[in-house]
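Here, each number is a calculation from the coordinates, and none is a lab measurement. The structure displayed is predicted, hence computed values, not measured ones. Cβ placement follows ideal geometry from the backbone for every residue including glycine, while neighbour counts extend to all protein chains displayed.
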Amino acid sequence: KGQSPADPGKFKRQLYDMWFRLYHRDRSGGEDSCGFEHVFVGETKHGKEIMGLHNWPVGSSFIGISPEFEVALFTIIFLMSSEKMTSVVVKVDEYMLELVVYRHGSSIGTSYPKLLSSNNRDL
């Protein structure tokens with residue numbers, strides 16, 4: 001859709017800037033956060049409160065998929081819009097999910113799935 005450069009080197013730079021370029025999450029701090037850290041590794045606020053860590057069951061997460069799939073999925077959603085927050089509702093088997101991506105300038109601030117509904121009685 002023309003949202004990424006065809007040149008592999010430029011595309012890798014775009015992915016790096018989106019996921020790994022450091023930025024200020026807290027206005028009083030330095031450039032100490034990035035989307036990948038927030039979503040997949042987690043970080044602390046003032047050394048106490050855990051933030052992010054969406055790839056583990058702290059807030060919401062996919063179970064049984066690879067980080068590569070999540071990075072690809074949320075990268076596509078990020079590139080679809082320039083809004084501060086973009087959400088997409090999808091149906092996967094019997095599950096209705098909302099996929100959410102928050103923008104932090106030209107980087108990903110956070111991304112996560114939300115289960116909206118399921119016709120699976122075991123949940």
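Key figures for this structure:
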quantity: Modelled FRET efficiency - R0 22 Å, H24 with E49, Cβ distances, 0.05 increments; calculated: 0.80
quantity: Lysines with Cα under 21 Å of K12, excluding same-chain neighbours fewer than 8 positions away; calculated: K1
quantity: Segment 78-123, relative contact order [Cα under 8 Å, separation at least 6], %; calculated: 33 percent
quantity: Neighbour count of at most 15 Cβ within 10 Å plus DSSP loop: longest GluC sites (Glu not before Pro)-free window in the chain; calculated: 32-82
quantity: Residues of type lysines that K91 reaches as a straight line, Cα spacing below 22 Å, ignoring anything fewer than 8 places off in the same chain; calculated: K114
quantity: Trypsin sites (Lys or Arg not before Pro) lying in DSSP loop within segment 54-115, provided at most 12 other Cβ fall within 10 Å; calculated: K84
quantity: Rel. contact order, % - alpha carbon contacts under 8 angstrom, at least six apart, the chain; calculated: 19 percent
quantity: Label-point gap, in nm, between E68 and E83 - each point 7 angstrom along Cα→Cβ; calculated: 3.1 nm
quantity: Descending principal axes extents, the chain, alpha-carbon based, whole Å; calculated: 46, 42, 25
